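The values are calculated or read from the model by the stated rules, or taken from the named source; none is laboratory data. Owing to the predicted nature of the structure, the values given are computational and were not obtained by experimental measurement. Here Cβ is always computed from backbone atoms with ideal geometry, including for glycine, and neighbour counts include all displayed protein chains. Surface areas here come from the heavy atoms of the whole protein model, side chains and all, with no ligands, DNA or RNA. Shrake-Rupley method; radii C 1.70, N 1.55, O 1.52, S 1.80 Å.
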Amino acid sequence: MQSKRWKPWALLSPALSAVFLLLVVPVCFIVVYSFWLRSPTGADIAAFQFGNYAKFFADYFYPSILLRTIRVSLESVALCLVLGYIPAYFFYRSETRFKSVLILLIMLPFWISFIIRTMSWINILGDTGLINHYLIKFGILSEPLGMLYNEGSVLMGLIQYLLPFMILNIYVSLEGIDKSLLEAARSMGCTEWQAFKEVTLPLSLPGLSAGSLLVFVLTAGTYLPPMILGGPKNEMIANLIFKRVIGTLDWPFGSAISVVLLGLLLIIVWTYNRYLGINQIFKSLQGE
Amino acid sequence: MKHDLQEKLDRLFEKYMNGEIGRRDFLKFLGIAGAAVGMVGGPFGFCGPAYAAKSIRFDGWGGVVSEAFREHAFQPFTKATGVKVIDGEFGDMDTYLTRVKASFPPGGEFNLAHLSGVFDYARYAGLKFNVVLDESKIPNLKNVMTAMIEPYRAITNGTLSAVPYDYGQTGIAYNTKHIPKDTAEKLGASLLWDKAVKGKLGSWGDWRTNIWYAALHTGQNPNKISDMKAVWSALEQQVPMVKKYWGSGAELMSLLANEEIYATVAWSGRVAALQAQGHPIGFLSPHNCYSWQECIFVTKGTDLDVAQTLLNFMLEPKAAIAVAVGQKYPSSLDPTKVPMPEAVKKLPAFDPTGKLEGYLFADPAFWNSHQVEFAEKWDRIKAGG
């Protein structure tokens with residue numbers, strides 16, 4: 001009996017050790033650092049003070065970047081929801097034997113480096129890029145259209161990165177819906193649209209919310225698309241952390257910003273778990 | 001193994017972005033690299049460190065610079081001493097310093113690095129990562145320009161923790177198809193505030209370079225800025241004109257080559273590379289242009305005998321000139337003592353006198369003491385805050 005009680009813990013111990021050493025300990029370091037000070041040479045001075053947090057909230061500048069990050073994350077979620085539902089629904093309703101190949105194609109972009117995928121947009125959206133080249137060549141425009149280095153191009157880079165997460169989450173949720181429910185709705189006089197609105201959509205909400213949470217959290221912590229595809233006013237909170245930690249060697253202030261971001265994300269995840277249940281994400285990841 | 005491969009792929013990608021290799025070759029090399037990993041990667045990758053018993057680590061900018069180092073300094077050095085040089089790479093100075101600071105003990109796993117300018121030398125010395133080199137064991141140091149050595153001695157009380165290696169300028173690159181040479185020369189630093197380039201202007205994201213040029217635009221000496229208000233105001237005016245703040249040399253070259261931007265601050269060597277590829281890019285070096293030098297820094301904890309021997313190999317004229325031609329920055333060797341080939345003499349910023357008179361370098365005392373204040377203010381202005 002005694003040995004049975006310990007067995008799960010013994011089996012879990014490698015995973016728990018990894019989580020503890022690679023996640024909990026570094027986060028603790030970051031929290032401790034956030035109370036330290038930076039010396040004029042860039043060395044860290046051990047201290048316990050709240051100056052770094054006070055600096056973050058001292059005026060509107062830093063919180064405004066945090067708010068922009070939240071706004072862009074929400075935009076990214078909304079776009080991924082709209083763009084992701086269509087292919088996920090197609091996979092669900094499709095009877096083709098190539099369904100697994102189509103799903104594999106969704107994963108295909110992950111085989112290419114994220115940096116290369118992001119930079120490739122420069123060749124598509126740039127002044128001398130593919131789109132402008134043909135718009136000018138066919139006489140539709142005389143001057144190139146400014147499509148790069150703005151919030152639109154940042155969102156484009158983010159969607160390219162995050163859309164597969166959303167599609168897979170929605171698809172897994174749709175796959176769990178018994179198709180006889182749709183048939184029942186149709187036999188009771190529902191139109192195709194009504195059946196979708198009254199049956200499919202509500203039952204796929206867990207997948208939509210799980211995908212939204214993943215997309216939101218990943219957007220809030222990303223820094224490559226704003227750095228490569230963004231203009232001067234498109235920086236997000238992760239870019240700010242990068243600059244403070246790497247650019248000015250101000251690890252204490254960079255840590256304080258990281259803790260603020262972490263706190264915000266924890267509140268969102270907690271709220272999600274409280275009302276929708278975090279297990280939806282694991283279901284999707286397991287492909288249930 | 002994994003590290004080597006990553007560096008090779010990074011170099012390959014940089015070459016592709018620089019336009020040095022075509023898309024087909026890029027994909028072909030990528031495929032070959034993938035196949036190589038498939039055949040010799042995995043658990044065999046762990047065999048690497050085992051045979052590198054006696055070794056020294058060098059971190060540099062990669063690409064043609066590292067290739068020149070490998071061929072002309074590292075291989076002869078290994079042949080002569082039996083000591084292997086582990087050839088690492090970094091993307092920029094700040095990231096590298098963060099890695100050095102984060103290593104345990106700090107600086108412990110790093111030995112030699114191709115650092116930028118006196119400014120960074122001072123930062124490393126400030127963090128106590130420096131050593132005291134025995135100059136008698138680096139005889140080739142006598143060929144190095146005195147004007148380049150002295151700023152380092154001033155920081156570390158007459159001693160050296162590095163040898164100067166090359167120098168260059170962050171001047172202004174402009175597209176000669178859209179901006180006539182006469183206009184550029186007439187405007188000087190103020191070209192970066194000319195309304196004609198609005199929306200087609202680029203700049204480096206670096207706070208120091210932007211403040212330097214704002215000081216020139218407002219008629220001040222960048223090392224003795226007295227009116228910071230005027231500098232911030234000039235930058236506030238400039239930000240709406242800027243299309244992109246670039247973050248790497250490859251990005252700079254891509255922006256200029258694709259005509260995304262017509263004018264930007266730019267590193268002289270990168271402009272020379274673009275000119276060599278036939279792009280219509282001019283280089284403007286206005287009065288008090290931002291000059292800088294690079295050194296080979298030795299980090300605390302390094303085997304000094306090995307490091308000094310390697311430094312001497314790197315300062316051999318054959319190696320130093322090959323690196324200068326490869327990276328397109330003039331060598332620190334005094335051209336009045338060591339004859340330079342035409343390829344070096346033609347490089348932007350080359351000084352045939354070996355005295356570097358008229359070259360203005362960043363004063364580390366001024367810039368380091370204002371680093372956090374300036375960087376944070378610059379972030380706000382750049383973000384339009």
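Within the stretch A:22-35, identify whether any single residue is surrounded by 12 or more Cβ atoms within 10 Å (Cβ to Cβ), among the aromatic types (Phe, Trp, Tyr) and away from chain B (no Cβ under 12 Å), and answer yes or no.
yes
Looking at A:38, A:71, which one is surrounded by 19 or more Cβ atoms within 10 Å (Cβ to Cβ) and among the charged types (D, E, K, R)? Spell out how you get there, then give the answer.
Numbers: A:71 fails: surrounded by 19 or more Cβ atoms within 10 Å (Cβ to Cβ).
Just one listed residue meets the conditions, A:38.
Could you check the stretch A:218-232 and list, in sequence order, the residues that are part of a helix (DSSP H, G or I) and either within 14 Å of chain B (Cβ to nearest Cβ) or free of Cβ contacts under 8 Å to residues at least 40 places away in the same chain (or both)?
Within the stretch A:218-232, the subset part of a helix (DSSP H, G or I) is A:218-220, A:224-229.
Listed by number, the residues that qualify are A:224, A:225, A:226, A:227, A:228, A:229.
For the structure I just gave you, tell me whether residue A:146 is closer than 26 Å to residue B:261 by Cα and in a loop (DSSP other than H, G, I, E, B).
yes
Would you mention how many residues in the stretch A:223-237 are open to solvent by 10 Å² or more (accessible area, probe 1.4 Å) and either modelled with pLDDT of 90 or more or under 14 Å from the mean Cα position of the chain (by Cα) (or both)?
6
Kindly check whether there is at least one residue in the stretch B:305-313 that is over 26 Å from residue B:96 (Cβ atoms) and either surrounded by 20 or more Cβ atoms within 10 Å (Cβ to Cβ) or out of contact with any His (no Cβ under 9 Å at 6 or more places or on another chain) (or both).
no
Looking at the stretch A:240-263 only, could you name the residues that are open to solvent by less than 10 Å² (accessible area, probe 1.4 Å) and either away from every other protein chain (no Cβ under 14 Å) or in a helix (DSSP H, G or I) (or both)?
A:240, A:244, A:252, A:253, A:254, A:256, A:257
Suppose we filter the stretch B:327-367 for residues that are surrounded by fewer than 19 Cβ atoms within 10 Å (Cβ to Cβ) and assigned to a helix (DSSP H, G or I); how many remain?
Residues that pass the stated criteria total 5.
For the stretch B:85-174, list the helices (runs of 4 or more DSSP H) that sit wholly inside it and hold at least 1 residues that are on the phi > 0 side of the Ramachandran plot and open to solvent by less than 20 Å² (accessible area, probe 1.4 Å); which are they?
By residue number, B:117-126.
Against the conditions (1) hydroxyl-bearing (Ser, Thr, Tyr); (2) open to solvent by less than 70 Å² (accessible area, probe 1.4 Å); (3) part of a helix (DSSP H, G or I), where does residue A:100 fall short? Just the number, please.
The one condition residue A:100 does not meet is (2).
Just for the stretch B:175-220: of the residues that are touching a residue at least 24 places away in the same chain (Cβ under 8 Å), among the β-branched types (Val, Ile, Thr) and under 22 Å from residue B:274 (Cα atoms), which one is surrounded by the fewest Cβ atoms within 10 Å (Cβ to Cβ)?
B:176
Would you tally the residues in the stretch A:103-117 being assigned to a helix (DSSP H, G or I) and within 12 Å of chain B (Cβ to nearest Cβ)?
Adding up the residues that qualify gives 3.
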